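Before anything else, here's the structure in question.
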Amino acid sequence: MARKRLFTGLQPSGTLHIGNYFGALKLFLDLYEDYESFLCAVDYHALTTVRDPKLMHENTIDIVRDYLAVGVDPRKAVIFKQSDVSEHTELSWIFNAIIPMSLLELGHAYKDTAGKGKEATVGLFTYPTLMAADIVLYDTDVVPVGEDQRQHIEYAREIAHKFNTTFGETFKEPKEMIQKDVAVVPGTDGRKMSKSYGNTIPLFATKDEITKAVMAIITDSGGESPSNVYNIHLLFKSREELAPVYTANKGNYKASKEALIADIEAFVAPIRERRANISDETVIRVLKEGSEKARELASAKMKDVRQKIGVSFND
Ligand code: ADP
Ligand code: TRP
């Protein structure tokens, strides 16, 4: 039986942290080999915010390098970038032509920006139609995403349905896959680890960066064991393994932090080294091979779409 298809889009948006790893990447790693998986670096989506060509280039390479470093095998997933498969933008135009403005006016990303009185670009407004095109071009079954992307997958379904009812059955309606029981990874100040709070431990941090981040963990001076340190430690070791460490270090926060530094370093060092050995050329080759496979599928689908809407004369 054919495997189901999984598609996810990677925003090339800077450095990953251990919250991203335990909250999203790890789930993806556990899952992707059970499907026919597609990973797409969504550079045209990023263009709605990134206006520095050098940064666009570097971030795109980096996000793919990060995925390879944590263990995604390019022989087991189609890894490519959106701008290499022009069918994505072509299909998004067709979707734009058939869905009402009122649907997109309800989009969270657009509403948040417009609601703050900021100017929203047309690209931000039509972001959901490009995302729908990304997904449905490949007859995707499931889309693993964070809760914040739920609405976008609902849009993809609605847009696919609209096309199907207008022009005949063409697209599969995809389902979101949102991990429900993912614990929030705490940052160095006890709040959710997030790049917007500046409380992160980078996933590919050097030993010095790890030390600096852990030493900066805010500890309340009241208790016997520092909960902010312990809660991060639980990502790397079980309660049973940690019990003797924290019993021996009762009241000695520095020693607990040093134990945490050692455990983070043991986890990070191999992926950090793997990442350092993945050259730009390797990433570019992976993207090139991936885009060839993606283009094959996308162009076959678009041939069908063009016929269905009546613009195709020759094939
Ligand atoms: P940030 O908050 O740093 O901007 P993103 O919003 O880019 O992170 O998150 C990317 C993915 O990582 C999402 O799927 C999100 O659910 C997951 N994630 C981010 N931070 C955490 C965290 N502290 N705990 C668990 N998962 C997280
Ligand atoms: N909007 C997604 C995000 O911000 C990125 C994305 C673009 C995506 N196209 C996609 C995710 C298709 C899943 C499927 O994270």
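Which percent of the Cα-Cα distances in the chain go past 31 Å? Could the numbers behind the result be given before it?
Details: 19074 of 49455 pairs.
Summing the P(r) of the chain above 31 Å gives 39 percent of all pairs.
Structure shown: which of Lys172/Lys192; Lys54/Lys293; Lys81/Lys111; Lys76/Lys172; Lys4/Lys303; Lys76/Lys207 lie over 25 Å apart, alpha-carbon to alpha-carbon? The partial results should precede the final answer.
Details: Lys172/Lys192 36 Å; Lys54/Lys293 27 Å; Lys81/Lys111 27 Å; Lys76/Lys172 23 Å; Lys4/Lys303 22 Å; Lys76/Lys207 31 Å.
Beyond 25 Å: Lys172/Lys192; Lys54/Lys293; Lys81/Lys111; Lys76/Lys207.
Right, something else. Determine the distance separating the Cα centre of the range 86-121 from the Cα centre of the range 265-296; give it in Å without decimals.
About 32 Å separates the Cα centre of the range 86-121 from the one of the range 265-296.
Can you list residues whose amide H is under 5 Å from Gly187's amide H, if they're 5+ apart or on another chain and H is modeled 1.01 Å from N?
Lys192, Met193
Please give me the summed charge of the neighbours of Glu265: other residues whose Cβ is under 11 Å from its Cβ, Lys and Arg +1, Asp and Glu -1.
Details: positive: Lys207, Arg272; negative: Asp208, Glu209, Glu258, Asp263.
My count for the surroundings of Glu265 gives -2.
Can you give the Rg to Rh ratio for the range 49-97, taking only C-alpha atoms and Rh from Kirkwood?
Working: Rg = 13.9 Å, Rh = 12.9 Å.
Using Cα coordinates only, the ratio equals 1.08.
First compute the accessible area of the range 195-275 with a 1.4 Å probe, then give the percent of it belonging to carbon and sulfur atoms. Don't skip to the answer; put the middle values down first.
Numbers: 2230 of 4310 Å².
Taking all protein chains in place, the range 195-275 shows 52 percent carbon and sulfur surface.
Please compute the Kirkwood hydrodynamic radius over the range 195-275, one decimal place, Å, based on all pairs of different Cα atoms. All intermediate terms of the calculation are to be shown ahead of the outcome.
Values: mean 1/r = 0.0762 Å⁻¹.
For the range 195-275, inverting the mean 1/r across all distinct Cα pairs yields 13.1 Å.
Describe numerically, in nm with one decimal, the distance between label points set 7 Å from Cα along Cα→Cβ at Met215 and at Ala183.
2.7 nm
Let's test the formula: R0 of 35 Å, r as the Cβ-Cβ distance of Lys192 and Lys288. What FRET efficiency results, to the nearest 0.05? Don't jump to the answer; show the numbers that get you there.
On the way: r = 37 Å, r/R0 = 1.06.
It comes to 0.40.
Could you pull out every residue, at least 5 positions away or on a different chain, whose amide H is within less than 5 Å of the one on Lys175? Hs are placed 1.01 Å off N in the peptide plane, and Pro or chain starts have none.
Close amide H contacts, sequence-distant or interchain: Val142, Val143.
Calculate, for the range 161-315, the solvent-accessible area per residue in square angstrom, rolling a 1.4 angstrom probe over the heavy atoms of the protein chains.
Working: 8930 Å² over 155 residues.
Solvent-accessible surface per residue comes out at 58 Å².
How large is the dipole of the chain about the Cα centre if only Lys and Arg carry +1 and Asp and Glu carry -1, each at its Cβ, rounded to the nearest 20 debye?
Details: 40 positive and 45 negative charges, 37 e Å.
Roughly 180 debye for the chain.
What is the spin-label model distance, in nm, from Ile271 to Ser13 if the labels are put 7 Å beyond Cα along the C-beta direction?
Label at Ile271, label at Ser13, 1.8 nm between them.
Place a label point 7 angstrom from the Cα of Lys254 along the Cα-to-Cβ direction, then list the residues of the range 206-220 whose backbone nitrogen is under 20 Å away.
From the range 206-220, the list is 208-220.
Just to confirm my numbers, what's the Cα centroid distance between the range 1-71 and the range 238-253 in Å?
Cα centroid to Cα centroid, the span is 36 Å.
Under a 5 Å amide H to amide H cut-off, with H placed in plane at 1.01 Å, what residues pair with His17 once short-range neighbours are removed?
HN-HN under 5 Å from His17: Leu203.
Over the range 20-138, with the other protein chains present, what is the accessible area per residue in square angstrom, probe 1.4 angstrom?
Value for the range 20-138: 45 Å² per residue.
Let's test the formula: R0 of 45 Å, r as the Cβ-Cβ distance of Ser279 and Asn314. What FRET efficiency results, to the nearest 0.05?
My answer for the efficiency is 0.60.
Here is a follow-up. Using each residue's phi in the range 39-45, evaluate 6.51 cos²θ - 1.76 cosθ + 1.60 at θ = phi - 60° and report the 3J(HN,Hα) Karplus result to the nearest Hz, with x for Gly and Pro.
10, 10, 6, 8, 5, 5, 5
For labels at Glu296 and His57 in the simple 7 Å Cα→Cβ model, what's the distance in nm?
3.0 nm
The values are calculated or read from the model by the stated rules, or taken from the named source; none is laboratory data. Computed from a predicted structure; not experimentally measured. In this analysis, Cβ positions are derived from the backbone assuming ideal geometry, glycine residues included, and neighbour counts consider all displayed protein chains. Note: areas computed on protein heavy atoms with side chains; ligands, DNA, RNA excluded. Shrake-Rupley method; radii C 1.70, N 1.55, O 1.52, S 1.80 Å.
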